[in-house]
Amino acid sequence: MADPQAATLTQLRNIQARSGKTIAELHAVLAASGLAKTGERRSLLMAQFQLGYGDANVVALFYGKPVPALDGSAAPAAPVPDAAGDPLDAIYTGAKAPLRALHAAVLQQVLGFGSFEQAPKKAYVSLRRKKQFAMIGPATKDAIEIGLNARNLAPGPRLKTMPAGGMCPYTLRISGAAEIDAELVAWLRAAYDAAA
């Protein structure tokens with residue numbers, strides 16, 4: 001049975017030989033392009049370097065990820081950072097773009113609590129200390145959803161209890177800055193403190 005990893009390494013080496021560019025150089029071209037979607041990146045590689053669909057797809061899929069060492073050494077090549085910029089640009093696009101200011105306003109409240117990590121995902125941003133304590137992301141074109149990972153929060157009419165076993169036991173949606181009130185800040189603080 002063929003080794004898939006060995007086949008991928010061979011394909012990447014062949015791409016370098018055919019294009020005359022290293023994978024890192026091809027990724028640098030993708031970074032400079034600012035393209036965000038794999039299909040767009042693949043098309044650019046096909047047009048600019050005359051790569052076939054499969055070769056261009058492999059290069060595009062490895063973009064922003066560690067590339068295996070292709071020279072026989074054990075160390076992987078460092079990934080090229082995504083030049084698409086702020087991850088919120090990808091989360092708050094199109095009709096949801098105006099919600100970015102609301103996201104920032106909620107985040108401003110949390111920044112007052114102390115240090116934490118922001119881990120962008122595909123459709124939301126996870127806020128973490130020792131564990132995730134909240135998530136923020138667009139729910140609709142008119143509202144953001146805030147997930148809260150805390151126990152026994154004081155109930156309120158806008159706080160929705162989620163089924164057991166999920167990442168966040170509570171969620172709520174807000175559509176304006178006026179809804180970032182003392183009650184919401186207290187819920188965020190309780191989740192923040194519980195994640196210490």
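The values are calculated or read from the model by the stated rules, or taken from the named source; none is laboratory data. This one's a predicted model, so the numbers in the text were calculated from it and none came from an experiment. Here the Cβ is made from the backbone with ideal geometry for all residues, glycine too, and neighbour counts use every protein chain on show.
Observations on the structure shown:
- Conditions (1) assigned to a helix (DSSP H, G or I); (2) under 15 Å from D193 (Cα atoms); number of the one not met by L127: (1)
- Any chance L35 is at pLDDT 85 or above, touching a helix residue (DSSP H, G or I) at 6+ places or on another chain (Cβ under 6 Å) and either at negative phi or not in a loop (DSSP other than H, G, I, E, B) (or both): no
- Criterion (at pLDDT 90 or above, touching a strand residue (DSSP E or B) at 6+ places or on another chain (Cβ under 7 Å), outside the structural domain of A36 (by TED's automatic domain parsing) and not acidic (D, E)) met by exactly one of A177, A134, A105: A134
- Flag for R42 being basic (K, R), in a helix (DSSP H, G or I) and under 24 Å from A90 (Cα atoms): yes
- If the condition is being buried (at least 18 other Cβ atoms within 10 Å of the Cβ), among the aliphatic types (A, V, I, L, M) and more than 16 Å from the chain's Cα centre (by Cα), then the stretch 108-138 contributes only V110.
- Complete set of residues in the stretch 130-159 that are of a type in the set (A, V, I, L, M, F, W, C) and either within 16 Å of R100 (Cβ to Cβ) or in a strand (DSSP E or B) (or both): F133, A134, M135, I136, A139, A143, I144, I146, L148
- Neighbours by Cβ (under 8 Å, 6+ apart or cross-chain): first from the stretch 48-62, assigned by TED's automatic domain parsing to the domain that holds K21 and within 14 Å of L9 (Cβ to Cβ); second of a type in the set (G, A, S) and modelled with pLDDT of 85 or more: none
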